[in-house]
1. How many residues are open to solvent by 10 Å² or more (accessible area, probe 1.4 Å) and either within 15 Å of Gly197 (Cα to Cα) or in a helix (DSSP H, G or I) (or both) if we restrict to the stretch 72-88?
2. Hey, any hits in the stretch 34-44 for a residue that's open to solvent by less than 10 Å² (accessible area, probe 1.4 Å), outside any helix (DSSP H, G or I), at negative phi and not β-branched (Val, Ile, Thr)?
3. Only strands (runs of 3 or more DSSP E) wholly contained in the stretch 172-264 count here; list those with 1 or more residues that are open to solvent by 70 Å² or more (accessible area, probe 1.4 Å).
4. Being part of a helix (DSSP H, G or I) and either open to solvent by less than 60 Å² (accessible area, probe 1.4 Å) or acidic (Asp, Glu) (or both) is the filter here, so list the residues in the stretch 90-114 that pass it.
Amino acid sequence: MKKNVIIIGKKSFLAYYIKKNLNKKLNILQVSLKDFKKLSNTILEKYDYVCNCSITKKYQNRKYVLNNDIDIKIISKIKNLKIKYIFLSSRKVYKPKKNLTELSKLKPIDNYAKNKLITENKIQLLLKKKFLILRVANIIGKPIKNPNKVSKNFIDNYIEYKKKNKNIKYVNYFKDFLSVNQFTTIFLSIVNNNLNGIYNVSLGKKVFIAEILSWLNKHNNKIFRPINKIKNNDSFYLNNEKLLKKINIKIKKSDLKKYCLNFN
């Protein structure tokens, strides 16, 4: 039977692709936060999961304030129901380094990451085992139109720099990327396998900036020029072995490359 999932975020990038890619494989109700608040317990009890994809600028940029935490507001509505909560956290809760596991040192360096970690801790206290915390790597996907977008990600910056058609210098450090199609494949498997706990959601391999830029910008790779040094303290990738043992799927670098080559 298809799982029933509520996705919160009408204009969210990830909410859009979860709905688009998984609509035939899950029973998805995509709603705004405002409309979610109006749902009765009778309706909510029909769903297996709720996942919030929305965020506020204050939560993104400022120190933690409970009133800015959308996830905790949602949880206060569902904490006494059987529905499981999926929290989209960030790899930024870790101190950057290679092969980060779920037990690696947590050292958020900006307000966004600090707020995500605070929310993680609150979720574990409030929901006991009725949660999934997904520490997600960088997602590559075609942006959707959203004039109220809270923050820019790697692909937003790439598109902006490319439009300028000027030489852009960058440090060739390595990061961890997933295509949005890989992410939704993982999301589906996580839901269908009824997991709970904390998981890294990632490719699990080094992807150098030079590599991904060469895939994305294959027709004009002279725009982006590497600086001849690597800042190891900015480099990272997540170990995804804990997750892969549970969902039994393969996340390939070749599939990420293929997606990027067909990006434009």
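1. Start the filter on the stretch 72-88 by keeping residues that are open to solvent by 10 Å² or more (accessible area, probe 1.4 Å), which leaves 72-73, 76-77, 79-82, 84, 88.
Imposing the further condition that a residue be either within 15 Å of Gly197 (Cα to Cα) or in a helix (DSSP H, G or I) (or both) reduces the set to 72-73, 76-77, 84, 88.
So the answer is 6.
2. Quick first cut of the stretch 34-44, residues open to solvent by less than 10 Å² (accessible area, probe 1.4 Å) only: 36, 44.
Then keep just the ones that are outside any helix (DSSP H, G or I); that gives none.
No, that holds for no residue.
3. Numbers: elements: 177-179, 197-201, 224-227.
Qualifying strands (runs of 3 or more DSSP E): 224-227.
4. Within the stretch 90-114, the first condition is being part of a helix (DSSP H, G or I), and the residues that meet it are 91-93, 111-114.
Within the stretch 90-114, Arg91, Val93, Asn111, Tyr112, Ala113 qualify.
Residues are listed down the side, and each one gets a yes or a no for (1) touching a helix residue (DSSP H, G or I) at 6+ places or on another chain (Cβ under 8 Å); (2) open to solvent by 40 Å² or more (accessible area, probe 1.4 Å); (3) outside any loop (DSSP other than H, G, I, E, B):
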site: Lys116; (1), (2), (3): yes, no, yes
site: Thr119; (1), (2), (3): yes, no, yes
site: Leu126; (1), (2), (3): yes, yes, yes
site: Leu134; (1), (2), (3): yes, no, yes
site: Ile139; (1), (2), (3): yes, no, yes
site: Lys145; (1), (2), (3): no, yes, no
site: Lys152; (1), (2), (3): yes, yes, no
site: Asn157; (1), (2), (3): no, yes, yes
site: Lys163; (1), (2), (3): no, yes, yes
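The values are calculated or read from the model by the stated rules, or taken from the named source; none is laboratory data. What you see is a predicted model; the values in this text were computed from it and never measured. Positions of Cβ are generated from backbone atoms using ideal geometry, with glycine treated the same way; all protein chains shown enter the neighbour counts. Calculation scope for accessible area: heavy atoms of the full protein, side chains included, ligands and nucleic acids excluded. Shrake-Rupley method; radii C 1.70, N 1.55, O 1.52, S 1.80 Å.
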